[in-house]
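These notes concern the structure reproduced below.
What follows draws every value from the coordinates through simple rules; no lab data is involved. Computed from a predicted model, the values in this text were never measured in an experiment. Positions of Cβ are generated from backbone atoms using ideal geometry, with glycine treated the same way; all protein chains shown enter the neighbour counts.
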Number of protein chains: 2
Amino acid sequence: MPSPREAPSHLQEKMDEVREAVDKTIERLLPHTDLPEAPLFEAMRYGTLNGGKRLRPFLLMQSARLFNVDPKRARRVAAALELVHCYSLIHDDLPAMDNADTRRGKPAVHRAYNEATAILAGDALLTLAFEVLSDPETHEDPRVRCELVTALARAAGGHGMCGGQMLDLIGEREEFDLGTLSRLQRMKTGALFEFACEAGAIIGKGNEPHKKALRNYARDLGLAFQVTDDILDVEADPKLTGKPANQDGEAGKTTFVTAMGKEQAKMRAEMLVQQAVRHLHLFENRAEMLKVLALYVLERRA
Amino acid sequence: MPSPREAPSHLQEKMDEVREAVDKTIERLLPHTDLPEAPLFEAMRYGTLNGGKRLRPFLLMQSARLFNVDPKRARRVAAALELVHCYSLIHDDLPAMDNADTRRGKPAVHRAYNEATAILAGDALLTLAFEVLSDPETHEDPRVRCELVTALARAAGGHGMCGGQMLDLIGEREEFDLGTLSRLQRMKTGALFEFACEAGAIIGKGNEPHKKALRNYARDLGLAFQVTDDILDVEADPKLTGKPANQDGEAGKTTFVTAMGKEQAKMRAEMLVQQAVRHLHLFENRAEMLKVLALYVLERRA
């Protein structure tokens, strides 16, 4: 198993490829307009076409490859997923939520536009995601399109991402134990990771053991991602992450670092990544890129 | 054609029936929970089970009747639609948007809970609506489920309700002509009315002329609804509407009343309702309740 300190160049290349393709798809979904309500669409573009890593789309495209899915088709699902991720960032950054003025080194949507526009842009992006998934262009089988809508809605809703964000807000006032913190992160971050990895199997009509393996991989990877996020929050260079250092610690939030210490957190992330990789064994050497990605999550600097 | 000054008792009975049935469906979709993120679900319940008239579900149930749709099935779609309507009210009431402290005479969600919870509750309700529509329990034909998701997403998104709300915000700083104001209202209110009326035909696999007639009815009805809303804003008893008098006028917004005067606005509403009713001619006497409803919209006091 390779153990890179930096994202290896072939992973970086593949990630860049996915990023460009998904950005193009999002561009097409959100054309410029001169309608009087144009600021809404500009804010939607600003909040999505902002140089994100497109990690979730990457997972989705890799999972789709395992089932020989036409990349054009997978790309629309990847774009829909990214719209949901971006809407959640726009709403999370609002003053009433995390009150973050910047995102990826640039003013957050509510700073570049205003709060009302940011709320609406988030709402419209979430709505657009479901419009994209239910469109026959995404898949000719309406059963598959419905399954995608159901899976994304579950991942993003009250029992997934929104519920996780609610827990996160409660965590500003209450101290959580590790179990609750893990549950929070599984909902807040893990649910969309799980959708990303399972979606390839849904589009490619994979069987249940395949879906389960990908969900398990995603769950462990998502948790590892969050643990390393908490480590980066105290350790990383704000110039690389584009956000102030020790933001969560100063907000008094329980993080994996405050709950178990930095060294324990690092060991935990490593263990989770190893566990994630093991779930992929039934794909043999076809899931190499997902394995390499898991190691990159561990070693990333931003 | 009857011309009641008050909602006639058989309309009221039917509306009460729909309200009770849809409230029960929403109750089932949003059970109480003792999970740590329970405040999210309580806020979702608070923002939906609040004594609303359920006008959109009523339109949907009546449209479904025209196609002999099983009411159980239509009710789930009606509930999903109402979740979207309620999410939009929760977000519209936020301080950054319309800054309304009360809704139907009770504290708005962000006052009863807090702003962050209100934002998340809205997000989760919107997401839940699509989960409900894509569920096989809603319809056995996945093509119909997909068509419902597409239609609701279009009605609620940037080219529908969200776009209309954006225009509404722009209208606080800019004066609109009647054309732009009508377009705003068609997007903000009309789009969900159109979905409500077309959905019955989608579920019941009606033909395109039927769908078009229902969309046209809904468009004129929606506009009439908004014109009477603007008249009620200056005329109605705050005790009946549950909101302060002349809220829009004082916010400096262009309304049908400020743009054309109260008397002209009343004539316009009447004309729109007559036009709405005429679109229903191809259903002959089977659409009686939709006709009666149109007259009620004109005559309502709250």
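Listed values, structure above:
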{"read-out": "Loop-located trypsin sites (Lys or Arg not before Pro) in region A:144-195, at most 16 other Cβ atoms within 10 Å (DSSP)", "value": "A:Arg173"}
{"read-out": "Residue (of B:Val149, B:Asn50, A:Gln274) at the positive-pole extreme of the protein assembly as shown, dipole from beta-carbon charges", "value": "B:Val149"}
{"read-out": "Pairs from B:Lys24/B:Lys205; B:Lys106/B:Lys291; A:Lys72/A:Lys188; A:Lys24/A:Lys72; A:Lys24/A:Lys211; B:Lys53/B:Lys211 whose Cα-Cα separation, in the structure shown, is over 21 Å", "value": "B:Lys24/B:Lys205; B:Lys106/B:Lys291; A:Lys72/A:Lys188; A:Lys24/A:Lys211; B:Lys53/B:Lys211"}
{"read-out": "At least 18 Å along the helix axis (C-alpha) and Kyte average at least 1.0, DSSP helices within chain B", "value": "B:115-134"}
{"read-out": "Electrostatic dipole magnitude of the protein assembly as shown [Cβ: Lys, Arg +1; Asp, Glu -1; Cα centre; debye, to 20]", "value": "1380"}
{"read-out": "Qualifying lysines (Cα of each under 16 Å from Cα of B:Lys262; at least 8 residues distant if same chain)", "value": "B:Lys253"}
{"read-out": "Region B:1-77-region B:131-191 distance, computed between alpha-carbon centres (Å)", "value": "19"}
{"read-out": "Ascending list, in nanometres, of distances separating the A:His281 label from those of the other copies (7 Å, Cα toward Cβ)", "value": "7.4"}
{"read-out": "Global form of region A:67-208, assessed from the alpha-carbon gyration tensor, a/c cut-off 1.5", "value": "oblate"}
{"read-out": "Rounded to the nearest 20 debye, dipole of region B:9-299 from Cβ charges on Lys, Arg, Asp, Glu", "value": "840"}
{"read-out": "MRE, 222 nm, helices only [DSSP H, n ≥ 4, -39500 (n - 2.57), over the protein assembly as shown, to nearest 500]", "value": "-21500 deg cm²/dmol"}
{"read-out": "Inter-copy separations for B:Val234, label at 7 Å along Cα-Cβ, nm, ascending", "value": "6.3"}
{"read-out": "Residue (of A:Leu192, A:Thr25, A:Met15) at the positive-pole extreme of chain A, dipole from beta-carbon charges", "value": "A:Met15"}
{"read-out": "Global size of the protein assembly as shown as Cα Rg and Dmax, reported in angstrom", "value": "24.7, 79"}
{"read-out": "Copy-to-copy label separations for B:Lys24, where each label sits 7 Å from Cα toward Cβ, in nm and ascending", "value": "5.3"}
{"read-out": "Filtered GluC sites (Glu not before Pro), region B:157-251: DSSP coil and at most 16 other beta carbons within 10 Å", "value": "B:Glu172, B:Glu174, B:Glu175"}
{"read-out": "Net charge of neighbours whose Cβ lies under 12 Å from the Cβ of B:Arg143, counting Lys and Arg as +1 and Asp and Glu as -1", "value": "-1"}
{"read-out": "Average partner coverage of A:148-154, which counts Cβ from other chains inside 10 Å", "value": "6"}
{"read-out": "Amide proton proximity set for B:Phe176, modelled H, under 5 Å, gap of 5+", "value": "B:Thr254"}
{"read-out": "Under 5 Å, built H, 5+ apart or other chain: amide partners of A:Arg103", "value": "A:Ala108"}
{"read-out": "Lys, Arg +1 and Asp, Glu -1 on Cβ, resulting dipole of region B:172-302 about Cα centre, debye, nearest 20", "value": "500"}
{"read-out": "Cα shape, region B:9-299, gyration tensor, a/c 1.5 rule", "value": "oblate"}
